Ligand code: NAP
């Protein structure tokens, strides 16, 4: 056993269930003393923790695909770090690991709850929270299994500068899309998705209603819609779908922080008359496809066929602002929090 001096963890707890937008009063920062390690347990110093849109849903009570966060407990979620103390032969000190203990500086528990990962040359460990993890997998799954892309398809992706969207745009191109169109919140992001991620065109949805802009940007219609936004974007996509079009309904971020009823499509008849297929999904139900994703993504990354960006917030004390900023569009690529030495 290796003894470390890290006997406390600092983390962010949820203190109330928000209506509409969360703010700083929704959370609190706490420091907890950690118990001695039990047999088979490890202690992990986090390097990065993930902030993700689905976490907003977990702040609410009610039916979902994942249980609500408990009030007063440190927010769980994806994180990566390295083992600093171990009572498990499976995970010696120094092993880099991925886990779900969330917004905290130090995590500990049974070794089985930590997955060892490899440190790759030139790739930050945080990639396991993004391009090599859930968000990369989400983009891949959406365009291969949920709304399978066929060569020549015209593709529209919302949230196109975010973690999932920026990856989906590049994968769409690699799978043979004839045209990749994205929607984003700012002109800077519009330039970026074209120059860096290879989209053909971009719509800035804040400039005018997406329903007005999309038909002009997609005069030949769309065959695939990768929906990260829901609401107005889904309605606009239904207007311009070609016959037999397919949608991967990945997220509905536009509906997450409202405090009243969300606006829904008024054109669902198009689903019938154009023989569309709209399929929702959460990646957790499709983990059998994860190895196939890694087989593809590994070489794509190594060859530079797929690039990725991260927006990194410094320190556990920034986790709340990182989360709120991401929900409002402060990020390009994956938003993560870097845990600092003195956190
Ligand atoms: P992200 O796209 O990196 O960050 C969220 C982005 O959403 C923001 O940067 C912002 O960009 C955009 N946004 C916020 N409000 C919006 C609005 N009202 N209309 C249009 N865009 C808005 O986050 P991510 O982790 O990649 O997640 C993207 C989507 O995928 C989310 O809906 C998430 O819930 C979903 N997701 C689903 C699964 C699954 O298993 N189904 C897994 C992972 C993620 P702008 O500046 O462009 O507005």
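Before moving on, here are some points about what is shown:
- Residue check for residue 305: away from the ligand (no atom under 16 Å from the Cβ), touching a residue at least 12 places away in the same chain (Cβ under 8 Å) and over 23 Å from the mean Cα position of the chain (by Cα): no
- Options 201, 192, 173: the member that is out of contact with any helix residue (DSSP H, G or I) (no Cβ under 9 Å at 6 or more places or on another chain) and either touching a residue at least 12 places away in the same chain (Cβ under 8 Å) or more than 26 Å from residue 282 (Cβ to Cβ) (or both): 173
- The lone exception for residue 47 - which of (1) more than 21 Å from the chain's Cα centre (by Cα); (2) assigned to a strand (DSSP E or B); (3) surrounded by fewer than 22 Cβ atoms within 10 Å (Cβ to Cβ) it fails: (1)
- Odd one out for residue 286 among (1) within 11 Å of the ligand (Cβ to nearest atom); (2) touching a strand residue (DSSP E or B) at 6+ places or on another chain (Cβ under 9 Å); (3) farther than 25 Å from residue 323 by Cβ: (2)
- Residues of the stretch 132-164 classified as under 17 Å from residue 54 (Cα atoms), more than 8 Å from the ligand (Cβ to nearest atom) and in a loop (DSSP other than H, G, I, E, B), total: 1
- Checked against the criteria, residue 247 counts as more than 15 Å from the chain's Cα centre (by Cα), under 22 Å from residue 228 (Cβ atoms) and away from the ligand (no atom under 11 Å from the Cβ).
- Single condition residue 188 does not satisfy, out of (1) within 16 Å of the ligand (Cβ to nearest atom); (2) over 16 Å from the mean Cα position of the chain (by Cα); (3) part of a loop (DSSP other than H, G, I, E, B): (3)
- Restricting 40, 78 to residues that are touching a residue at least 24 places away in the same chain (Cβ under 8 Å), surrounded by 19 or more Cβ atoms within 10 Å (Cβ to Cβ) and touching a strand residue (DSSP E or B) at 6+ places or on another chain (Cβ under 7 Å) narrows the list to 78.
- When 124, 151 are checked against the criterion of being modelled with pLDDT of 95 or more and surrounded by fewer than 16 Cβ atoms within 10 Å (Cβ to Cβ), a single residue qualifies: 151.
- Scope the stretch 210-246; condition buried (at least 21 other Cβ atoms within 10 Å of the Cβ), in a loop (DSSP other than H, G, I, E, B) and in contact (Cβ under 8 Å) with a residue 60 or more places away in the chain; matching residues: 218, 228, 229
- Residue ID - farthest from residue 229 (Cα to Cα), chosen from residues in the stretch 191-209 that are assigned to a helix (DSSP H, G or I) and more than 12 Å from the ligand (Cβ to nearest atom): 195
- Being in contact with a helix residue (DSSP H, G or I) (Cβ under 7 Å, 6 or more places away or on another chain) and at negative phi holds for only one residue in 93, 84, 97, 80, and it is 80.
The values are calculated or read from the model by the stated rules, or taken from the named source; none is laboratory data. These figures come from a predicted structure and were not determined experimentally. Heads up, the Cβs are rebuilt from the backbone with ideal geometry, glycines too, and the neighbour counts pull from every protein chain shown.
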